[in-house]
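Below is one structure, written out as structure tokens; the observations come after it.
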Amino acid sequence: MAEAQSEGLGKRFVNAVNVSTRHIQLKPALYAGIPPGRKRCLVNNFPLSVIYRIKNRVIEIIAVAHARRESGYGQNRNQRNTKAKK
């Protein structure tokens with residue numbers, strides 16, 4: 001629907017998220033920590049953040065969330081994934 005309102009918006013969104021994930025790959029420790037054990041990288045030109053954590057030297061993307069969501073966003077999602085893997 002947003003694509004219909006602004007031509008190319010979808011492509012710009014994907015590109016902006018890709019740039020953020022590349023920045024995270026290059027300097028994962030650079031970004032602000034948010035409890036519990038997560039980090040947040042803002043997405044340029046969108047009110048979004050890439051929420052991630054570093055576990056055993058592996059970067060795990062947890063969510064792409066609205067930047068004004070509470071800092072615990074995605075915590076329940078992690079708990080569901082952990083339970084499903086057991």
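The values are calculated or read from the model by the stated rules, or taken from the named source; none is laboratory data. Note that the structure is predicted; figures quoted are calculated from it, not measured. Don't worry about glycine lacking a Cβ; one is built from the backbone with ideal geometry, like all the others, and counts go over all protein chains shown.
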Outside any loop (DSSP other than H, G, I, E, B) and touching a Pro at 6+ places or on another chain (Cβ under 8 Å) - does that describe any residue in region 38-46? yes
If you take the residues of region 23-37 that are assigned to a loop (DSSP other than H, G, I, E, B) and closer than 16 Å to Ala67 by Cα, which of them is modelled with the highest pLDDT? Tyr31
Being buried (at least 17 other Cβ atoms within 10 Å of the Cβ), in a strand (DSSP E or B) and of a type in the set (Ser, Thr, Tyr): is that true of Ser20 here? no
Restricting to region 47-86, and then to whatever is part of a helix (DSSP H, G or I) and in contact with a strand residue (DSSP E or B) (Cβ under 7 Å, 6 or more places away or on another chain), can you tell me which residue is modelled with the highest pLDDT? Arg77
Could you tell me whether region 28-36 includes any residue that is in contact with a Pro (Cβ under 8 Å, 6 or more places away or on another chain), surrounded by 16 or more Cβ atoms within 10 Å (Cβ to Cβ) and closer than 23 Å to Val14 by Cβ? no
